[in-house]
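Notes to accompany the following structure.
The values are calculated or read from the model by the stated rules, or taken from the named source; none is laboratory data. Keep in mind that this is a model prediction, so the values were computed, not measured. No Cβ is skipped: glycine too gets one built from the backbone with ideal geometry, and neighbour counts run over all protein chains shown. To get the accessible areas, we keep the full protein, side chains included, count just its heavy atoms, and leave off ligands, DNA and RNA. Shrake-Rupley method; radii C 1.70, N 1.55, O 1.52, S 1.80 Å.
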Amino acid sequence: MEDDFSALMDEPVQEITQSRSSGQAGGRDEKRIKIGIEGLDEMLGGGLIKDSVSSLIGTYGTGKTTFAISFIFEGLLKGETCVFISLDERAEMIMESIRRRGYDIDTYLNKTFFLIKLDPTDFTLAINSIKNDIPALIRETKASRVVIDPISLFEGLLPDEATRRLEMFRFVEMMRDENCTLVLTSETDTQIPYASKYGLVEYLVDCVVLLRYVRASDLSGTHLAVEVVKMRRSQHSREIKPYEIQPDDVIVYSEASVF
């Protein structure tokens, strides 16, 4: 299985290298897809790169799903078709969460917004949906923005590390052909708060945004902080910035400092 993965890696890496060398430095000609969170879009150099694959990595309570919802609704406001695939929360809970943030989501539901709930406990069904049904839905609806929340539950379905690496590589490469900007949320590793649960997705995607808690040295309080850890084909901020999740908005304080 490891040999299969290594063989698969060779050709795509060469293609990516050629693509980078033919473009201009810094990705200035790349079209940007805004997340809809002003301070974060600034940190990303104007937004995510169109048709890229990105990951929001964070522990519980850091707002991964909230950031993903902002990304989806920004697209809806621009007239785009968007797909949100949940492997965790029930569809009605996600809808209620979106409504609480003041978004008029019902206007778009099953027209330009499609919400899919997959059952991660049904291995065969979940794997088949991820590999076949979701790409077909994206093509049918011509969706330009897609979220899978969280991809770590899909990773957990796979029986061992070698299979996980191979299947995740195949999945990410398959999604690159779907002409959509994909955001994958992921839980963090319980021992390493700066890494995804299985330590894999951050190596496969183009952009990694890390959401985390920062505790004051005197333990007087806890703050939320965001960092753009990685962004291929683009310059980006390398500073750690504080953010707040408010009832109807997410605010990233791009001019402030955590420390």
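Please work out which one of (1) under 21 Å from residue 118 (Cα atoms); (2) more than 12 Å from the chain's Cα centre (by Cα) is the condition residue 78 fails and give its number.
Here residue 78 clears every test but (1).
Within the stretch 227-244, track down each residue that is in a loop (DSSP other than H, G, I, E, B) and either of a type outside the set (A, V, I, L, M, F, W, C) or exposed (fewer than 12 other Cβ atoms within 10 Å of the Cβ) (or both).
232, 233, 234, 235, 236, 237, 238, 239
I'd like the full set of residues that are under 17 Å from the mean Cα position of the chain (by Cα) and either modelled with pLDDT under 95 or open to solvent by 10 Å² or more (accessible area, probe 1.4 Å) (or both), limited to the stretch 178-192.
178, 179, 187, 188, 189 - these are the residues of the stretch 178-192 that are under 17 Å from the mean Cα position of the chain (by Cα) and either modelled with pLDDT under 95 or open to solvent by 10 Å² or more (accessible area, probe 1.4 Å) (or both).
Somewhere in the stretch 218-226, is a residue part of a strand (DSSP E or B), of a type in the set (A, V, I, L, M), surrounded by 13 or more Cβ atoms within 10 Å (Cβ to Cβ) and touching a Pro at 6+ places or on another chain (Cβ under 7 Å)?
Yes; the residues of the stretch 218-226 include at least one that is part of a strand (DSSP E or B), of a type in the set (A, V, I, L, M), surrounded by 13 or more Cβ atoms within 10 Å (Cβ to Cβ) and touching a Pro at 6+ places or on another chain (Cβ under 7 Å).
Restricting attention to the stretch 90-114, and to residues there that are charged (D, E, K, R) and open to solvent by 60 Å² or more (accessible area, probe 1.4 Å), which single residue is farthest from residue 248 (Cα to Cα)?
So the residue we want is 111.
If you scan the stretch 78-89, which residues turn out to be open to solvent by 10 Å² or more (accessible area, probe 1.4 Å) and touching a residue at least 24 places away in the same chain (Cβ under 8 Å)?
Answer for the stretch 78-89, where residues must be open to solvent by 10 Å² or more (accessible area, probe 1.4 Å) and touching a residue at least 24 places away in the same chain (Cβ under 8 Å): 79, 80, 81, 88, 89.
Take the residues in the stretch 88-126 that are at pLDDT below 90 and of a type in the set (A, V, I, L, M, F, W, C), then tell me which one is farthest from residue 140 (Cα to Cα).
Among them, the one singled out is 123.
For the stretch 28-60, give me the residue count where each residue is touching a residue at least 60 places away in the same chain (Cβ under 8 Å), under 15 Å from residue 226 (Cα atoms) and outside any strand (DSSP E or B).
10
When you look at residue 169, is it assigned to a helix (DSSP H, G or I) and crowded, with 20+ Cβ neighbours inside 10 Å, yes or no?
Spelling it out, it is not the case that residue 169 is assigned to a helix (DSSP H, G or I) and crowded, with 20+ Cβ neighbours inside 10 Å.
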